[in-house]
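Presented below is the structure to which this report refers.
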């Protein structure tokens, strides 16, 4: 993977993490920036500047080995759109400039799908199916974005249609595009072969992704049938998880025997978060729990971070650590542990506070202060990983000059 491109992705992630840190500090003292606007900036840079672009890099690296120059130009145009959102969202929220850059990013993503489809070259049916399916889900997710304008113009932002359009986009971005994309790379690296078990996993995964959309729709357009559909989707998702571990079990020795245990640690971390994600989503079969999640935003934020930081970023970190971009050292270990402990501690706080709200016990003492302090570990870990790669790049340059 090109080091300068990965560095850009990590810089985006660091900026998104610092925005998140600022949001948590704003609960302690005013920072003079609109909280909602900064939230939009934080989420867009994290999703589109870190996860999207890192998957972009991985797909080109593993699935388009010829690497035509057009991918490089498209990456920088997409990064330009990310920078535009990074600079405009904090000060104006959804307005002409930020919407323009968001629209540019969507058109870049469409072209990326076309290019991958055209230049995709791999002998693995497994990685081909998963990669192309993830891209299809990415295209489907943007339908939600195109519905936002008409929704605002006709019935307003408070309407169920507007909220469902947002949930449609987020659901298929997180559970379709991002999750299936990292699984495509993971299965490619493990050299998972096409089999009856894989095909069962593949179709179970697709069905569960489609059916579990029913829950966020139910939040804004309540109907009992949607809860039944979601419950069916959750059961299918549990079966998909079982098939997933049945597929990777024979390959686990390749992870255990890897030269550095930090890669094994990150894979284990990501897979455990994947299990937790399925467990928490499975609780939504209980109607009362499904409503609790919607009413108490701590649970929503915690679940989003579990998927984004735990599962998806966990896999992305593992892919970076498995490459030759890093130099293993005590500081790198500290950075990875800092990130994971920051994630675990903040998730635990969100869970405890959400439970206290539900049982009517009020606020956890020093909740916002503790949340801010624990959140410092997240950008710290990202910075250490970033610094390690930059330093390794300089070291490699010096070595080549002296050889």
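State yes or no: is residue 291 at pLDDT below 95 and surrounded by 20 or more Cβ atoms within 10 Å (Cβ to Cβ)?
no
Matching residues to (1) in contact (Cβ under 8 Å) with a residue 12 or more places away in the chain; (2) surrounded by fewer than 21 Cβ atoms within 10 Å (Cβ to Cβ); (3) part of a helix (DSSP H, G or I):
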residue: 152; (1), (2), (3): no, yes, yes
residue: 167; (1), (2), (3): yes, yes, yes
residue: 176; (1), (2), (3): yes, no, yes
residue: 179; (1), (2), (3): yes, no, yes
residue: 183; (1), (2), (3): yes, no, yes
residue: 189; (1), (2), (3): yes, yes, yes
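From the residues in the range 5-32 that are surrounded by fewer than 22 Cβ atoms within 10 Å (Cβ to Cβ), in contact with a helix residue (DSSP H, G or I) (Cβ under 8 Å, 6 or more places away or on another chain) and farther than 21 Å from residue 304 by Cβ, which one is modelled with the lowest pLDDT?
Of everything passing the filter in the range 5-32, 31 is modelled with the lowest pLDDT.
Only one of (1) in contact with a helix residue (DSSP H, G or I) (Cβ under 9 Å, 6 or more places away or on another chain); (2) in a helix (DSSP H, G or I) fails for residue 194. Which number is that?
Here residue 194 meets the rest and fails (2).
Given (1) farther than 22 Å from residue 197 by Cα; (2) under 22 Å from the mean Cα position of the chain (by Cα); (3) modelled with pLDDT of 90 or more, identify the lone condition not met by residue 228.
It fails just one condition, (2).
May I ask you to list the residues in the range 338-372 that are free of Cβ contacts under 8 Å to residues at least 12 places away in the same chain, surrounded by 14 or more Cβ atoms within 10 Å (Cβ to Cβ) and either within 18 Å of residue 293 (Cβ to Cβ) or in contact with a helix residue (DSSP H, G or I) (Cβ under 7 Å, 6 or more places away or on another chain) (or both)?
Hits for the range 338-372 are 355, 356.
Conditions: (1) surrounded by fewer than 18 Cβ atoms within 10 Å (Cβ to Cβ); (2) closer than 16 Å to residue 284 by Cβ. Residue 226 meets all but one. Number of the miss?
Going through the list (1) surrounded by fewer than 18 Cβ atoms within 10 Å (Cβ to Cβ); (2) closer than 16 Å to residue 284 by Cβ, residue 226 breaks only (1).
Select from the range 273-299 the residues that are within 26 Å of residue 24 (Cα to Cα) and out of contact with any helix residue (DSSP H, G or I) (no Cβ under 7 Å at 6 or more places or on another chain) and list them in ascending order.
Listed by number, the residues that qualify are 291, 295, 297.
Scan the range 211-236 residue by residue and report those that are within 16 Å of residue 278 (Cβ to Cβ) and assigned to a helix (DSSP H, G or I).
211, 215, 230, 231, 232, 233, 234, 235, 236
Considering only the range 1-44, how many residues are without any contact (Cβ under 8 Å) to a residue 60 or more places away in the chain and closer than 19 Å to residue 377 by Cβ?
Total satisfying the criteria: 5.
Could you list all residues from the range 129-153 that are touching a helix residue (DSSP H, G or I) at 6+ places or on another chain (Cβ under 8 Å) and farther than 29 Å from residue 314 by Cβ?
147, 148, 151, 152
Which condition from (1) under 23 Å from residue 314 (Cα atoms); (2) buried (at least 18 other Cβ atoms within 10 Å of the Cβ); (3) without any contact (Cβ under 8 Å) to a residue 24 or more places away in the chain is the one that residue 172 breaks?
Residue 172 satisfies all of (1) under 23 Å from residue 314 (Cα atoms); (2) buried (at least 18 other Cβ atoms within 10 Å of the Cβ); (3) without any contact (Cβ under 8 Å) to a residue 24 or more places away in the chain except (3).
Say whether the condition of being farther than 26 Å from residue 27 by Cα, at pLDDT 95 or above, out of contact with any strand residue (DSSP E or B) (no Cβ under 9 Å at 6 or more places or on another chain) and surrounded by 21 or more Cβ atoms within 10 Å (Cβ to Cβ) is met by at least one residue in the range 300-311.
Yes, the range 300-311 contains a residue that is farther than 26 Å from residue 27 by Cα, at pLDDT 95 or above, out of contact with any strand residue (DSSP E or B) (no Cβ under 9 Å at 6 or more places or on another chain) and surrounded by 21 or more Cβ atoms within 10 Å (Cβ to Cβ).
The values are calculated or read from the model by the stated rules, or taken from the named source; none is laboratory data. Owing to the predicted nature of the structure, the values given are computational and were not obtained by experimental measurement. Glycine also receives a Cβ, built like all others from the backbone with ideal geometry; neighbour counts cover every protein chain displayed.
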